[in-house]
Amino acid sequence: MTKIATKKTTKEETPEELLMRVSGEVASKYFIPGYEQSDLVQEFYILGMEVMSKYNPDKGRLENFLRVSL
């Protein structure tokens with residue numbers, strides 16, 4: 001598994017760990033009646049997995065791409 005350095009933290013994260021962190025941060029900004037916070041995190045994680053195939057490292061950092069895409 002490839003580890004990547006991220007701006008917000010000094011530790012290296014795998015793309016899956018980064019996606020889980022970003023999904024949680026993005027989900028915390030939304031409230032949808034009938035959904036629990038963990039449901040939103042899971043939905044954003046699934047969306048993130050779908051868009052990661054379109055990521056081009058030459059165009060920028062993965063974290064930025066995920067935040068814009070989600």
| said: Could you work out what % of the accessible surface of the chain is carbon and sulfur, using a 1.4 angstrom probe and leaving DNA, RNA and ligands out of the count? | reply: 56
| query | From the residues N64, S23, L40, which one has its Cα farthest along the dipole of the chain in the positive direction, the dipole being from +1 and -1 charges on Cβ of Lys/Arg and Asp/Glu about the Cα centre? | reply | N64
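List the GluC sites (Glu not before Pro) within segment 24-70 that DSSP assigns to loop and that have no more than 14 neighbouring Cβ atoms inside 10 Å.
E36
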| query | Per residue of the chain, what 222 nm ellipticity follows from adding -39500 (n - 2.57) for every DSSP H run with n ≥ 4, rounded to the nearest 500? | reply | -16000 deg cm²/dmol
| said: Just to be sure I follow the definition: excluding the sites themselves, where is the longest run in the chain that has none of the trypsin sites (Lys or Arg not before Pro) in a DSSP loop with at most 14 other Cβ atoms within 10 Å? | reply: 30-70
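The values are calculated or read from the model by the stated rules, or taken from the named source; none is laboratory data. Nothing here was measured: the structure is a model prediction, and the numbers come from that model. Counting neighbours? That spans all protein chains shown, and the Cβs are built from the backbone with ideal geometry, glycine included. Note: accessible area is taken over every heavy atom of the protein model, side chains too, but ligands, DNA and RNA are not part of it. Shrake-Rupley method; radii C 1.70, N 1.55, O 1.52, S 1.80 Å.
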